[in-house]
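Written out below as structure tokens is the structure these notes cover.
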């Protein structure tokens, strides 16, 4: 039995903790205090900010942990790399922890390694509107104003003309704690993603996936689907994603890549040294027919991982995104997890307060469905979603924000 340190206690850490228990190990969960579901499953809880790498290193030393993990969030990645390097554990090092979470350093690493990525400029958060407008015009509209220390699409705003700059600058300032941010070219094309798995510096898995995103000018991921694209796209995306992973030094574990196809060329938007969120690891499980979470844990422990061949399985996964705020009075009905519905769960219960969906943490549940075709999987998913009956405290039912498929 090994002690494994899990950084974070949110919904995306739950499958990691459950997997650690299935494998017979002990989960030490570190997070700031709060109403986080991972605390109830932990073998031991450490109330500590996941960004406090020095304090977490001492925790890891004292408990003689054999692996450090997180999932679905970038916040804890620098601490994970710091601990792995100082204790000689398998995983990323401290430099990679910084490069894979600090957007400016990441972008510069891409440029230095010849990774195809969007043109960008570094701008002070104290820049005035005229200065921001000058940068945007030099790059060429549309552009993205992007906070360099956020995840889940927070602090990322599309600016199509000068009149949008003030609102975008305000949003970035509200999110960031840094003294600078990025203005980069907004590539007009089709966004998609890649899930990679690396071990000993070698690529062991590469899966392209499409995205379901929220409507509106700033699209937020609401789910994903597989398969996506053709062989030519998969080959190009794998090549650029692998270059990006090596540019920031990711040689061990799960990798999450955001990409876009623009004018028949794949560009890398961002990369993370962890598994993706919104049910992406579960989609890998379905597509490859194995326990991807176990592979992630095994890799973090230094155990050799064998990845099966990719199958033709089709699946669609989506988080449940409320279309309005309020308090839940009662959950009257949930779809059964049976047949082609493999996951259907809520993160909330009667008495929970929910927010209208704007960013990833506003989700309140999840569904994953499979089928012989993607259309069949999507139809099953939507049928399951339609079965959910949640009554709010005003007596009206809760409904869901409908995503766009890209």
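Just so you know, all these numbers are worked out from the coordinates, no wet-lab data involved. The structure displayed is predicted, hence computed values, not measured ones. Here the Cβ positions follow ideal geometry from the backbone for every residue, glycine too, while neighbour counts run over all protein chains shown.
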In terms of the alpha carbon gyration tensor, root eigenvalues a ≥ b ≥ c, rounded if a/c is under 1.5 and otherwise prolate when a/b exceeds b/c or oblate, the chain is rounded
Residue span residue 304 to residue 290: 0.36 nm per residue of separation minus Cα-Cα distance leaves a gain in nm of 3.6 nm
Given 4-13, 53-62, 318-327, the highest-first ranking by average Cβ count within 10 Å works out to 4-13, 318-327, 53-62
Full extension between residue 355 and residue 174 adds, at 0.36 nm per residue less the Cα distance, a length in nm of 63.3 nm
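For the range 190-312, just say rounded, prolate or oblate: build the C-alpha gyration tensor, square-root its eigenvalues into a ≥ b ≥ c, call rounded for a/c under 1.5, and beyond that prolate if a/b exceeds b/c, oblate if not.
Since a/c reaches 1.5 and a/b is larger than b/c, the shape of the range 190-312 is classed as prolate.
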Protection proxy (average C-beta count within 10 Å per residue), highest first, orders 381-392, 253-264, 301-312 as 253-264, 381-392, 301-312
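For a test of the definition: using alpha carbon positions, the gyration tensor, and the 1.5 limit on a/c, classify the range 69-227 as rounded, prolate or oblate.
prolate
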The rounded separation in angstrom of the Cα centers of the range 278-303 and the range 305-344 is 17 Å
One finds, for residue 337 and residue 18 with R0 = 22 angstrom and r their Cβ-Cβ distance, a FRET efficiency to the nearest 0.05 of 0.90
If each part is reduced to its alpha-carbon centroid, the range 11-84 and the range 197-226 end up apart, in Å, by 24 Å
